[in-house]
Structure formats: C-alpha cells, structure tokens
1. Yes or no: Val239 at pLDDT 95 or above, closer than 16 Å to Tyr312 by Cα and among the aliphatic types (A, V, I, L, M)?
2. So, Val107, is that one touching a residue at least 12 places away in the same chain (Cβ under 8 Å), at negative phi and away from the ligand (no atom under 16 Å from the Cβ) or not?
3. Picking from Ala35, Ala40, Ala47, which residue would you name as being touching a residue at least 24 places away in the same chain (Cβ under 8 Å) and over 22 Å from the mean Cα position of the chain (by Cα)?
4. Can you tell me which of Gly43, Gly13, Gly5 is near the ligand (Cβ under 9 Å from one of its atoms) and not in a loop (DSSP other than H, G, I, E, B)?
5. Would you mind listing the strands (runs of 3 or more DSSP E) fully within region 96-200 where at least 1 residues are hydroxyl-bearing (Ser, Thr, Tyr) and surrounded by fewer than 17 Cβ atoms within 10 Å (Cβ to Cβ)?
6. Looking at (1) in contact with a helix residue (DSSP H, G or I) (Cβ under 7 Å, 6 or more places away or on another chain); (2) in a strand (DSSP E or B), which is the one condition that is false for Glu238?
7. Out of the residues in region 46-61 meeting the condition of being among the hydrophobic types (A, V, I, L, M, F, W, C) and more than 8 Å from the ligand (Cβ to nearest atom), tell me which one is surrounded by the most Cβ atoms within 10 Å (Cβ to Cβ).
8. Look at region 19-32 and say how many of its residues are hydrophobic (A, V, I, L, M, F, W, C) and either without any contact (Cβ under 8 Å) to a residue 40 or more places away in the chain or open to solvent by 30 Å² or more (accessible area, probe 1.4 Å) (or both).
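The values are calculated or read from the model by the stated rules, or taken from the named source; none is laboratory data. All figures in this text were calculated on a predicted structure; none of them were measured in a lab. Counting neighbours? That spans all protein chains shown, and the Cβs are built from the backbone with ideal geometry, glycine included. Remember, those area values only see protein heavy atoms, side chains included, never the ligands or the DNA or RNA. Shrake-Rupley method; radii C 1.70, N 1.55, O 1.52, S 1.80 Å.
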Amino acid sequence: MTLVGLVGVGRIGAFHAATLNGLPGVEVVVADAQAGRAEALAGSLGARWAPDVGALLDQELSGLVVATPTGTHAELIDRGVAADTPVFCEKPVAETSARTLEIVKSVDKNGGRVQVGFQRRFDAGYAAARAEVAGGALGRIHTLRGQTCDPAPPPPGYIASSGGIFKDCSVHDFDAIRWVTGREVVSVYATGSARGAAFFAEAGDVDTAAALLRLDDDALATVTATRYHGAGYAVTLEVQGTLGSLGAGFDGQLPLRPVGDGVGTWPKGPAHSSFMSRFHEAYVRELRAFVDFAEGRAENPCSVGDALEALYIAEACDLSRAENRPVSLAEVRA
Ligand SMILES: NC(=O)c1ccc[n+]([C@@H]2O[C@H](COP(=O)([O-])OP(=O)(O)OC[C@H]3O[C@@H](n4cnc5c(N)ncnc54)[C@H](O)[C@@H]3O)[C@@H](O)[C@H]2O)c1
C-alpha cells in the first residue's frame with residue numbers, strides 16, 4: 001500500500017484527496033491548517049487525517065501532495081524534501097521567479113524529488129499533440145495558438161493576490177507550448193485590457209490579455225486569456241506545421257459555435273463550466289503519474305525547473321505589458 005499525505009483540503013486539495021483515495025493500492029491521509037476541514041473530508045472519504053502538518057509528516061509517507069495556497073508551497077516542499085519524501089506541489093511553486101529559483105536550487109542541492117501540477121501535460125489532447133509534433137507528423141511547426149478563457153471573473157480578493165492574468169491563467173499555456181514543442185521561448189510581446197469590473201485595474205491587472213511568443217526555432221505562438229467568456233470555460237491549443245495542423249481541447253463541450261452554411265451543430269453537449277470539469281481526467285492521470293514517480297516506477301513528468309521556465313515567460317509578459325514593448329526572456333532570467 002502506498003501511503004500519500006495531502007496537505008490543504010480546499011478547492012483543489014479536496015478533489016485530489018478523493019482522487020488519491022480512489023487509486024488502487026493508495027491510501028491517503030489528509031491535513032489542513034483548519035483541522036476540522038481535514039477531519040470532515042477524511043470522514044466523507046473514509047480516509048485518515050492528521051491534526052497538523054507535523055503529524056502528517058511523522059508518518060511513513062511514500063509521497064506528499066501540497067495543495068495549500070501558493071505562499072505556503074516553498075516551506076512545505078522544503079519539509080517534504082528534508083524528510084526525503086517525494087512531493088507533488090500544485091502550481092505555482094512560488095509567486096515570483098526569484099523565489100522559485102531558490103526552491104529549484106534547494107531541491108537540486110538536497111536531491112529532492114518534486115513534481116509540479118501542470119495538468120495539461122496529462123490531458124489526452126495535449127499529450128497527442130506533443131506526440132504528433134515529436135513524430136514529425138505536422139512537418140516544421142510554424143504557428144501555435146493557445147487560449148484560456150474563464151466564464152466569469154473570480155472574486156476581487158482572488159484577483160488581488162493572483163499574480164495577474166499571465167501568471168494565473170496563461171502560465172498553463174506557456175508550459176503547454178514548451179512541453180508540446182520541446183522548444184524554449186526567447187521573446188514576448190504582450191498586451192491586455194480591463195473593460196470589466198473595476199477591481200482588475202485597481203489590482204494592476206487586466207481581464208483580457210494576449211501575448212505573442214517567439215520560440216528558439218523561430219516558430220510563433222499566440223496566447224490569449226479572458227475572464228469574461230460567458231459561453232463557458234474554453235482551453236485549447238492549435239498547432240500548425242508545414243504538413244498538417246491539429247487542435248487539442250476541441251471536444252464536444254468546447255463553447256465555440258461555428259456559424260455559416262453547412263457547419264453542423266457544435267458544441268454537442270453543455271459547455272465546460274470550469275477547469276474541474278474540463279481537466280477532470282487529466283488531474284486523475286496526473287496523480288497516478290505522481291504515485292508512479294514517488295514509487296520510482298516513472299520519471300518526474302514536470303519539474304520545479306519547468307515551473308520556473310513557465311514563470312519566466314509570464315514575468316516577461318508582465319514586463320512587456322507594463323512597458324508596451326517586446327521583452328527578451330534574457331531580461332527576466334536570473
Ligand atoms: N492546477 C490547477 O489547475 C489549479 C487549480 C486550482 C488551484 N491550484 C493551486 O492550488 C493551490 C490551492 O488552491 P485552492 O484554490 O484549492 O485553495 P483553497 O483556498 O480553496 O484551499 C487551501 C486550503 O489550504 C489550507 N491551508 C492554508 N494554509 C495552510 C498551511 N500552512 N498548512 C496547511 N493547510 C493550509 C486552507 O485551510 C484551505 O483548506 C494554489 O496554489 C492554486 O494556485 C491549481
């Protein structure tokens with residue numbers, strides 16, 4: 001039996017705990033700063049709980065899942081690594097690239113095993129895109145288009161501490177573009193607009209954003225995001241090459257309505273409402289992969305170094321938007 005500890009039973013943590021609880025050969029024990037929450041979740045799952053993180057780490061864990069707010073990730077990663085326990089940490093690892101770089105260095109120095117939660121790597125469409133690109137089926141890749149659209153804005157308090165739309169939303173597209181192409185981003189030009197609720201501008205954020213990325217093989221990518229996509233939750237990646245093109249995320253619940261003669265009816269079902277429905281399967285595969293990684297049966301599918309690279313791209317976009325100019329990644333890389 002693989003014993004996995006999970007800390008932070010909020011929105012994503014409660015879901016991860018239920019997933020782990022359902023994996024064959026896995027037992028989960030949960031903890032939360034609000035112990036009552038951990039106790040209640042454990043009760044509903046028929047799982048175990050610990051009164052605090054110390055008590056959780058005192059157990060002989062095969063893996064530790066960190067699903068607490070971002071500001072607490074660094075310390076919990078350190079504690080897991082110090083206990084020689086493989087860690088799965090939700091993204092982002094930290095709020096800034098400077099702090100993330102410190103974590104990358106300390107994980108490397110201490111031989112830590114840390115997987116980061118970029119779940120699109122486990123989505124069937126994104127994985128097929130990566131395989132086709134690597135296999136050469138599309139020829140030379142010249143254009144990519146990624147998007148992340150939320151149906152409605154989160155609460156003002158969330159926006160104020162989200163790090164901005166590029167770090168909060170587009171960072172997933174940045175990771176996916178690196179992962180699907182195997183290339184690095186060398187420069188960005190980014191812009192945005194805030195025409196919705198006043199709290200976006202008050203937080204220095206935008207509700208709609210676009211970024212143009214140049215990759216190190218001169219392929220070009222556009223990434224867009226919005227908090228006002230009333231049609232539903234939409235996340236896609238299109239890849240075009242000299243021999244073919246493909247699209248990930250164009251399932252029957254993508255809220256994109258073709259118009260014109262003879263285009264048929266689509267979407268076929270109700271639109272995805274949030275990341276939870278769109279990426280349900282990917283989250284399950286992601287934690288299965290973590291258990292395999294923790295047990296030494298598989299390589300780390302997403303390292304803290306990967307998280308740092310995606311964050312550098314987001315920070316380059318922030319700088320580009322602030323100064324209204326193209327920004328080289330070299331400017332933000334330490
Ligand atoms: N990969 C994704 O798509 C995705 C989606 C949602 C959230 N996230 C990330 O997951 C993390 C958690 O987000 P959420 O929305 O589930 O948060 P949340 O606020 O809903 O839940 C956080 C939980 O952690 C507990 N907590 C806070 N500090 C703690 C501490 N020091 N020790 C133990 N427990 C503590 C809180 O009591 C709460 O129960 C964030 O980093 C977020 O960015 C990732």
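1. For Val239, the condition - at pLDDT 95 or above, closer than 16 Å to Tyr312 by Cα and among the aliphatic types (A, V, I, L, M) - is not met.
2. When the stated conditions are applied, Val107 passes them.
3. Result of the check over Ala35, Ala40, Ala47: Ala47.
4. Working: Gly43 fails: near the ligand (Cβ under 9 Å from one of its atoms); Gly5 fails: near the ligand (Cβ under 9 Å from one of its atoms).
Result: Gly13 is the single residue among Gly43, Gly13, Gly5 that is near the ligand (Cβ under 9 Å from one of its atoms) and not in a loop (DSSP other than H, G, I, E, B).
5. Fully inside region 96-200 and qualifying: 141-149, 185-193.
6. Result: Glu238 passes all but (1).
7. Of all residues in region 46-61, those among the hydrophobic types (A, V, I, L, M, F, W, C) come to 47, 49-50, 53, 55-57, 61.
Subset that is more than 8 Å from the ligand (Cβ to nearest atom): 47, 49-50, 55-57, 61.
Values: Ala47: 18, Trp49: 24, Ala50: 22, Ala55: 14, Leu56: 22, Leu57: 19, Leu61: 22.
Across region 46-61, the extreme among qualifying residues is Trp49.
8. 4
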